[in-house]
Amino acid sequence: MKRIFFLITLFIIFIQTFLPVFAEGEPLKIMSLHYDDSSSIVYLTSKEPPSDPKALSDIKIVKLSNPNRIYFDIENAVLIGEKKQLIFEKSNVKEIRLAQFETNPDIVRVVITFEEDFDTSKIKLFSIDGNIIVQISKPQIGNDYFNTIYDENTVNPIYSNIVANSQFIQKVTIPASSQVKIPASVMDDIQRAFENSTLPNTDGKTYDSTVSVDISSKLKLRTKYFIDQYLPKDGGLLVSGLGQITTAKMFYLKEPNRTVIDLPNAYLEKDIRNKEINLCPDGSCKDTAKIGQFEYNKARIVITSDKPDKYMPIYSQDGQSLFVIDSDKLDHTQLANNISNINKVFVRKIDSRTNELILSFSSPVVHSILRTDNSLNFFLFNVKSYNEMDIIKTLGNSYYKQFTLSLLPKIGVRAAMPINKDDIVKVEQSLDSKALKITIIRTQQQTKTEKVLKKGAIKDKVVLDAGHGGSDYGAIREGINEKDITLDITQRVESILRSKGYKTALTRKKDTYVSLEDRVTFSEEETPEIFVSIHVNSAVSESPSGIETHYYHDYSKDLAKVVHKHLMKEVDTNDRGLVKSKFYVINHTTVPAILCEIGFISNDKERNELVSEKRKKATAKAIAEGIIEYLKDK
Ligand SMILES: [Zn+2]
């Protein structure tokens, strides 16, 4: 027994020591093949890295003609996913095939067929961690094809609309032996394979039916970015690789001060991970950079610097590299060798929350995106001119009306727009880099608006909130109660709005007590466009008088401005201005909400006016007209 054990042990040692001499090791298990039309890259994914790291290093591309095609063989490989044949229409690539070419020895072959006049000499082949990448070329397409380069929407990292925007490929056909209608579960498998090419897509089953899928609407494809280089360059960091780079919103960490840029959908070459590099090899700064595979599908750049907010990300014209540099050190003349102009801008409202702006350029643009809590900024470094009048006219009264352009000496054009902290920004760059598409998805309040629109009939509804009521008198002076004035004015505003065709809902219609929570709940359930609360002010001192309009959330400020403007126009009293206040009802409502303090009950003169027909009429008219102007502008 002991002897047998000894022999087995010896045999194992023998195998481990000499096996590579006699055999090629475990065959590479090829899972699947995907074609990413956005960057014209074919991905072949394998189940695990090859046992011999050099196994994939000498794959040779063989060129053939009639038809114009290439093929390459992967030796010692078995296809455990399905055999594949993808046929493309309206593309340089006509067909891609993946099959087990031989079984003894095991060889997997990939054949790619092109248009007759397509130059196949520039095709490159890479192997990364057992995955094989074929880079075909920069595709010949116009600027209506966009790649995401900046995305704050971290919830869904899968770029579902990549193919949907494409005019490039209209159809992919997966042919097989029979005409049986493909079951939905198989379709789901294909979909999943496209969505996540590094996961095993199936247990190796084949699809023995024909399916012709319009991938522009059905199949989703994931862009990948393989980072194989990061270098110090001119005091900054140059990250480059294969495929389309996308960044997330930059953020900062303290102790030590760091700038963090995440690259979703990126895979990092193992050799370059977690190595710290000095950004100033000449010793002019102490800043360092590190890049790591932060998550399975996300790379992270961390720059340690005394002034982390000085760093800006600059996107290359081909969308395949990112240059992160201290803005003080930036030499703008080095960024591009071409000059570009803004040809045209386009605005489009996608839905009540989502608005799109496209900037179209005369030649490829080099740019930087800087997002702060309150603004979105673009530096268009090689842009030297634009037609301001034309742009102002196009932006008009759209969501992008506050988008401003300014020509800065040496730097180029700076474009900026105020936005809310919670707005979600997405920026896409056309493949020819002659267009940028900016999409802003507005904050929560618009979700409500959308809900209202979905309901159909109700379009412009206003919730009016008469302050106090019932046992809650509000401020009282000389037998005059705040609760009575607020209800009176509210009912007047309601009747004006209704006479103009607007819908209204009142948190109270009579002299009853309604809690603040109930007022908010009522409004939320009504899903109005806006919420307007009416109150009367009071002070210990008799002297203060005048009108204040309160708002809390930034998205309510426009409404406050417009209504206050009308109050000042109609009512002859002191202008106490806009006030940012955390009143319960305007803080907790999710639509634009304001609270008007229509005058001081504690001031004798103003109190007498407040109960006069003239003042009541003017106040109600002003509030109603303010509301109407605001709703019309939206
Ligand atoms: Zn009050």
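The residues of the range 519-539 that are within 16 Å of the ligand (Cβ to nearest atom) and either outside any loop (DSSP other than H, G, I, E, B) or farther than 23 Å from R615 by Cβ (or both), listed by number, are R519, V520, F531, V532, S533, I534, H535, V536, N537. Could you identify the single residue in D326, D331 that is of a type outside the set (V, I, T) and under 25 Å from the mean Cα position of the chain (by Cα)? Result: D326 is the single residue among D326, D331 that is of a type outside the set (V, I, T) and under 25 Å from the mean Cα position of the chain (by Cα). Inclusion of E82 among residues that are part of a strand (DSSP E or B) and either closer than 21 Å to G243 by Cβ or not small (G, A, S) (or both) is not warranted. For the range 535-546, the count of residues that are surrounded by 24 or more Cβ atoms within 10 Å (Cβ to Cβ) and modelled with pLDDT of 95 or more is at least one. Test K580 against the criterion of being more than 20 Å from N481 (Cα to Cα), surrounded by fewer than 16 Cβ atoms within 10 Å (Cβ to Cβ) and under 31 Å from the mean Cα position of the chain (by Cα), and give yes or no. So K580 passes the test. Within the range 96-117, residues that are closer than 15 Å to A77 by Cβ have Cβ atoms under 7 Å from residues that are not in a strand (DSSP E or B) in these pairs: L98/K83; A99/K83; P105/N76; D106/P27; D106/N76, counting only partners at least 6 apart in sequence or on another chain. Of all the residues in the range 595-634, those that are in contact with a Ser or Thr (Cβ under 6 Å, 6 or more places away or on another chain) and among the β-branched types (V, I, T) number 2. Restricting attention to the range 315-341, the residues that are without any contact (Cβ under 8 Å) to a residue 12 or more places away in the chain and part of a strand (DSSP E or B) add up to 0. Restricting the range 490-508 to residues that are of a type in the set (A, V, I, L, M, F, W, C) and either out of contact with any Ser or Thr (no Cβ under 9 Å at 6 or more places or on another chain) or in a helix (DSSP H, G or I) (or both) leaves a set whose member that is surrounded by the fewest Cβ atoms within 10 Å (Cβ to Cβ) is I496. Just to check your reading of the model, which residue among K401, K410, K393 is assigned to a loop (DSSP other than H, G, I, E, B) and over 25 Å from Q244 (Cβ atoms)? Going through K401, K410, K393 in turn, just one is assigned to a loop (DSSP other than H, G, I, E, B) and over 25 Å from Q244 (Cβ atoms): K410. The requirement of being modelled with pLDDT of 95 or more, in a helix (DSSP H, G or I), touching a helix residue (DSSP H, G or I) at 6+ places or on another chain (Cβ under 8 Å) and over 25 Å from E524 (Cβ atoms) is fulfilled nowhere in the range 598-607; no residue meets it.
Within the range 479-496, residues that are assigned by TED's automatic domain parsing to the domain that holds K616 and within 10 Å of the ligand (Cβ to nearest atom) reach partners that are part of a helix (DSSP H, G or I) and among the charged types (D, E, K, R) with beta carbons closer than 9 Å, at six or more positions or on different chains, in the pairs I485/K616.
The condition of being buried (at least 16 other Cβ atoms within 10 Å of the Cβ) and among the acidic types (D, E) does not hold for D309.
Residues that are touching a strand residue (DSSP E or B) at 6+ places or on another chain (Cβ under 6 Å) and surrounded by 19 or more Cβ atoms within 10 Å (Cβ to Cβ) number at least 1 in the following strands (runs of 3 or more DSSP E) confined to the range 231-304: 236-243, 258-264, 266-268, 288-295, 298-304. Residues in the range 342-360 that are part of a loop (DSSP other than H, G, I, E, B) and small (G, A, S): S352 alone. Against the numbered list (1) touching a residue at least 60 places away in the same chain (Cβ under 8 Å); (2) more than 33 Å from the chain's Cα centre (by Cα); (3) surrounded by fewer than 18 Cβ atoms within 10 Å (Cβ to Cβ), D518 comes up short only at (1).
The values are calculated or read from the model by the stated rules, or taken from the named source; none is laboratory data. Treat the numbers as computed from the prediction; the structure is a model and nothing was measured. Virtual Cβ from ideal backbone geometry, glycine too; neighbours counted across all protein chains shown.
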